[in-house]
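The values are calculated or read from the model by the stated rules, or taken from the named source; none is laboratory data. Everything numeric here is computed off the predicted structure, so don't read it as measured data. Virtual Cβ from ideal backbone geometry, glycine too; neighbours counted across all protein chains shown. The area values use the complete protein model at the heavy-atom level, side chains included, leaving out ligands, DNA and RNA. Shrake-Rupley method; radii C 1.70, N 1.55, O 1.52, S 1.80 Å.
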Amino acid sequence: MNLPARNLSVTGVSLWIAIVIAFVLDAHPPLAAASSAPHPRIRAKAASRGKARVKPKSKRCQEPAARGAAGRGRKRQKARTCTTKGSGKDASKRSSGSPRRTPIPPRGAPRNASPGMPGSESGPATGLDPRESPGAAGTPSDPATPIGAATIEPPAAGPAESPPPQPGEPKAPGEAPFRFFSATSLWNEPLPEDASVDPTSVDVMSAFDEEIATEEQAHDGPWINTTSYSIPVYTVPAGQPTVPVVLDSEVDPPLSSAWSAVPLPPTAVPAVGHDGSLVVWQPSTDRLWEFHQLIHEGNAWMASWGGAIQNVSSDRGVYGTEAWPGAQPWWGISASSLSLVGGLITLEDLEKGQINHALEIAIPHVRAGVFASPAQRTDGKTGGALSLPEGARLRLDPHLNLAALHLPRLTLMMAEAAQRYGIFITDGSSDVEFFAQDPTPTGTNPYIGASGYFEGKHPYQILESFPWHHLQLMKMELHSKTAGTKASS
């Protein structure tokens with residue numbers, strides 16, 4: 001090969017340098033390894049990848065609890081799809097981490113009876129459940145039925161949004177919505193303006209205000225349960241065929257007898273969530289049945305606990321011996337034995353813009369060891385006199401001018417009811433929750449969307465302007481959990 005002398009000299013020098021470098025690296029192999037390795041800090045960072053370097057998204061979720069692992073009373077241990085806080089949300093319910101408790105068996109039953117009676121801790125945390133927005137207000141097929149539609153099968157693909165009538169508008173005489181139980185029942189009789197306030201009201205409600213402030217800051221609550229962990233009401237006609245519902249986790253012959261012929265529609269669907277609540281209401285017989293953890297397996301319906309009430313129109317709305325032949329104070333889904341439907345915000349309430357009965361709420365930190373009349377029992381676990389007991393009744397200061405607060409329509413409706421009739425503590429939960437009728441039986445959802453009852457907002461946003469600081473605790477008549485009727489454990 002003929003190369004110019006200038007190129008040959010350059011080539012020779014390059015070859016000589018390469019030989020020297022190879023000799024050095026062969027004598028010192030660690031230098032070669034070090035030349036290709038990253039800096040120790042870089043190695044440390046690389047080693048940490050895949051561990052905790054990526055900040056986890058804020059979400060709370062709960063694995064599904066086994067059926068029958070509940071205690072007596074309504075206890076909403078959320079088992080639902082996890083959703084990331086701050087991600088796409090609808091007007092829905094959130095997850096909970098509340099443990100369920102062991103039930104108290106009926107008198108005469110062994111203490112280790114199969115657990116399955118509803119408990120009473122519920123509640124949301126963060127994140128929103130997409131299942132909390134199916135269903136809505138529809139027109140009942142039977143014009144005599146007051147609320148809900150009994151024979152409409154919920155669509156498999158999920159109900160559509162339906163714009164409801166605007167709540168809060170003036171009502172013409174005679175348009176008051178239907179309400180369950182006697183006009184003089186604890187749910188329906190207005191509180192006198194001069195009703196006695198409990199001596200502990202200021203201190204107890206101050207502690208409650210702190211809970212509200214904590215939930216508002218976290219956007220966890222307060223909340224309104226609608227399409228999960230609430231109550232679907234199936235209003236059935238006189239000719240609805242009956243089926244037996246098996247009481248599958250307790251021994252209570254009178255309750256089994258009450259469930260031996262229930263006019264339960266074959267297409268009935270219990271509420272989404274571990275509780276699986278459902279109410280059947282038959283106006284023609286003036287009877288209702290309520291179920292906890294209702295399921296349909298094979299050709300059989302079964303539920304772990306619940307109750308039944310005859311003569312609903314004259315009943316006081318709390319379970320006792322008069323509710324049904326052989327009934328006991330430990331019947332019912334709520335942990336306090338107050339009926340599920342007494343304080344429920346019904347679809348008819350919303351359609352007519354008026355809540356003409358008391359409300360019910362579930363709260364965190366239920367007082368242990370005692371319950372207040374009209375409750376029959378409790379599952380409270382929080383010590384201290386500043387916790388609210390189940391059965392306690394709250395009300396908004398009767399002198400508060402609600403019109404001057406310019407509240408959202410639904411918030412105003414609820415505030416008016418809280419001022420006139422009050423709010424009963426019926427259950428425990430992981431945050432403060434009201435209950436509005438589950439619209440799933442109607443196949444539409446009147447809560448969501450800009451024209452819905454939540455006005456395109458989340459329930460906690462609707463309740464941000466509720467005048468919590470003006471709530472009073474009415475005078476309580478307390479009973480020991482061990483001294484009176486059976487109470488939930």
(request) Would you mind checking which residues have amide H under 5 Å from Val197's amide H? H placed 1.01 Å from N; only 5 or more apart, or other chain. (result) Lys475
(message) How large is the accessible surface of Arg316 in square angstrom, using a 1.4 angstrom probe and rounding to the nearest 10?
(response) 100
(message) I'd like the accessible area for Val269, computed on protein heavy atoms only with a 1.4 Å probe and all protein chains in place. Round to 10 Å², please.
(response) 60
(message) Place a point 7 Å from Cα of Glu297 in the direction of its Cβ. Which residues in the range 209-246 have their backbone N less than 20 Å from it?
(response) 243-246
(message) At 1.4 Å probe size, what's the solvent-accessible area of Leu186? Round to the nearest 10 Å².
(response) 30
(request) Would you kindly compute the Cα radius of gyration of the range 180-327 and its largest Cα-Cα separation (Dmax), both in Å? (result) 18.9, 56
(message) Cβ neighbours within 10 Å, averaged per peptide: list 447-453, 401-407 in order, most packed at the top.
(response) 447-453, 401-407
(request) Pop a pseudo-label 7 angstrom from the Cα along the beta-carbon direction at both Leu478 and Thr321 and give the gap in nm to one decimal. (result) 2.7
